[in-house]
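Please treat every number below as a calculation from the coordinates, not as lab data. Owing to the predicted nature of the structure, the values given are computational and were not obtained by experimental measurement. Counting neighbours? That spans all protein chains shown, and the Cβs are built from the backbone with ideal geometry, glycine included.
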Amino acid sequence: MQHIETIDWFYCTNPPSLTLFTQMGDSEAVLYGSDDSHESSAMVELLNELGVKFDFRHIDRDPRALREWEQLDGDRVPMLRVGNNQIVRGFDRIKLQQLFGWVGC
């Protein structure tokens with residue numbers, strides 16, 4: 001039980017960040033987006049507000065980024081991949097805040 005209290009205390013005083021995810025085994029955050037997507041721009045702004053370091057890949061300019069996005073399912077943009085375990089499809093403010101900010105502490 002002490003371990004859980006330590007984690008709760010840590011999250012309340014230090015919101016989760018990409019550094020935390022990296023320590024947990026995830027290696028990177030990649031945002032797939034396009035120039036004509038307003039949601040892509042909104043996600044970039046929110047990730048910057050939350051202090052998340054990420055690589056933005058334009059699926060409409062970079063064929064390699066387009067192939068990666070299609071292999072992940074290529075359903076919609078923006079799509080955020082955090083490490084190999086988490087994918088956020090579309091602009092979902094609540095989910096992003098839960099992943100990188102602190103919600104509910």
Problem set entry | Positive minus negative residues near residue 47 (Lys, Arg vs Asp, Glu; Cβ under 14 Å) | -1
Seminar exercise, completed: Computed from the beta carbon distance with a Förster radius of 22 Å, FRET efficiency for residue 93 and residue 60 to the nearest 0.05 stands at 0.40
